[in-house]
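The block underneath contains the structure these notes are about, expressed in structure tokens.
The values are calculated or read from the model by the stated rules, or taken from the named source; none is laboratory data. Everything numeric here is computed off the predicted structure, so don't read it as measured data. Cβ placement follows ideal geometry from the backbone for every residue including glycine, while neighbour counts extend to all protein chains displayed. Calculation scope for accessible area: heavy atoms of the full protein, side chains included, ligands and nucleic acids excluded. Shrake-Rupley method; radii C 1.70, N 1.55, O 1.52, S 1.80 Å.
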Amino acid sequence: MLTLADISSDTWSEDVVEERKILGRSESCEIRLDHASISRQHCAVWQEGDDCWIQDCGSTNGTYLNGIRVQKERIRPGDMIVVGRFELFVEDRNLLQATMALSESPTSPPAVQGTQSEEQRLAAIIHQRLTPSRRMSLPGMIVDVVYQPSGILGGDCFEAFELESRWILSIFDPMTHGVKAALNTILLRSELQRWVMLTAQPGRCLQWINSELTQLGVNDLYISAVVAEWFPTTQTLVYSAAGVHPPLIVRDGAVINLGETAGGLPLGVAVGEHYFEHLAQLKRGDRVFFFTDGVGETFTAEDSGTVSTAVELGKRVMATHRLPLSEQIRTVLHLTNPRQEDDVLLVGCEIT
């Protein structure tokens with residue numbers, strides 16, 4: 001299934017079936033996108049057996065799959081297709097329906113769930129909305145997100161959105177669990193967009209968010225976070241961190257900023273906390289990794305010992321730097337622990 005998430009919040013989905021469907025600007029197309037960036041017949045999608053395919057129809061602006069211009073390629077759930085100014089996400093229709101569909105007339109009375117099972121169900125729904133594992137294409141950058149929730153209601157999330165000539169990238173990691181942590185993260189996502197409109201400085205943005213949290217006066221409402229600005233025209237990344245190691249920057253197989261200061265206490269701990277900013281001039285082939293503390297839980301005791309999450313992750317990304325980004329971020333994690341206590345969130349960015 002192809003899903004369009006338009007900038008106007010207009011969302012629709014289209015099933016991929018055996019019959020070839022043409023996407024384009026022409027009124028005769030099965031999937032019509034009436035915009036100047038779309039050719040009259042832009043691309044086609046269809047299903048062959050268990051595989052689904054996309055093929056460019058000689059369009060002017062091209063068809064891009066996960067940031068790479070393609071002629072004919074297989075598509076899989078989690079892929080992102082860019083045609084003109086539109087982004088289409090490939091999703092598993094059966095999995096999505098099983099997750100979202102509700103029975104219209106249950107045959108038996110609903111079973112009474114315990115508090116823990118009900119919270120785990122709510123956690124799954126919220127986690128899907130906050131941070132789905134996906135690949136996205138930003139100007140000058142490919143982004144891969146791997147997210148595995150713990151099953152305990154929390155709120156780790158990654159956010160990326162455009163603001164004038166730059167992109168804002170952010171990651172939030174509540175230091176507690178429960179409904180309060182999840183709701184607070186949702187609040188931060190909306191507040192972040194408001195604050196970055198007022199300041200072009202990630203450090204200042206973290207200071208203002210910290211002031212808001214401390215003024216709320218809610219106990220144990222502490223969040224570690226990173227806010228970064230990506231300027232694609234100059235390939236510059238400006239970032240600031242609160243209570244967590246800044247994003248790791250890998251160049252030519254080596255982490256060039258390991259041990260960099262976290263910048264300050266987690267958000268919500270102390271009024272007036274100052275958060276330092278760092279500026280990195282990046283180049284093609286560089287990779288940047290954002291991560292939360294839960295990544296450390298995927299490392300076995302033999303691998304990590306008492307070494308910090310940032311140090312161990314740094315070793316792993318250096319050892320796997322020759323792998324494609326999507327394969328690398330899944331290789332460095334050991335997502336085999338069914339009883340992990342914290343969400344696992346790792347975001348890899350490659351400069352293109």
With a 1.4 Å probe and every protein chain left in place, work out the accessible area per residue of segment 10-92 in Å², rounded to a whole number.
53 Å²
Please compute the net charge surrounding Asp173, taking Lys and Arg as +1 and Asp and Glu as -1 over other residues with Cβ under 10 Å from its Cβ.
-4
Determine how large the accessible area of Arg135 is when every protein chain is in place; take a 1.4 Å probe and give Å² rounded to the nearest 10.
40 Å²
Return the distance in nm (one decimal) between the two label points of a simple spin-label model at Met318 and Asp92, each offset 7 Å from Cα along Cα→Cβ.
3.7 nm
Give the ranking of Arg284, Arg194 by solvent-accessible surface, highest area first, calculated with a 1.4 Å probe.
Arg284, Arg194
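For the full complex of protein chains and a 1.4 angstrom probe, list Asp50, Asp56 by accessible area with the highest value first. Display every interim value, and only then the final one.
On the way: Asp50 150, Asp56 20 Å².
In descending accessible area the options line up as Asp50, Asp56.
Want the number for Val271 to Phe231: 0.36 nm per residue separation, take away the alpha-carbon distance, what's left? Spell out each step's value before the answer.
Values: separation 40, 0.36 × 40 = 14.40 nm, distance 3.02 nm.
Fully extending the segment from Val271 to Phe231 adds 11.4 nm.
Arrange the residues Glu260, Glu18, Glu48 by how much accessible surface each exposes, largest first, with a 1.4 angstrom probe.
Numbers: Glu260 45, Glu18 145, Glu48 95 Å².
Accessible-area ranking of Glu260, Glu18, Glu48, largest first: Glu18, Glu48, Glu260.
Within the P(r) computed for segment 1-80, what percentage of the Cα pairs occupies the region above 14 Å?
63 percent
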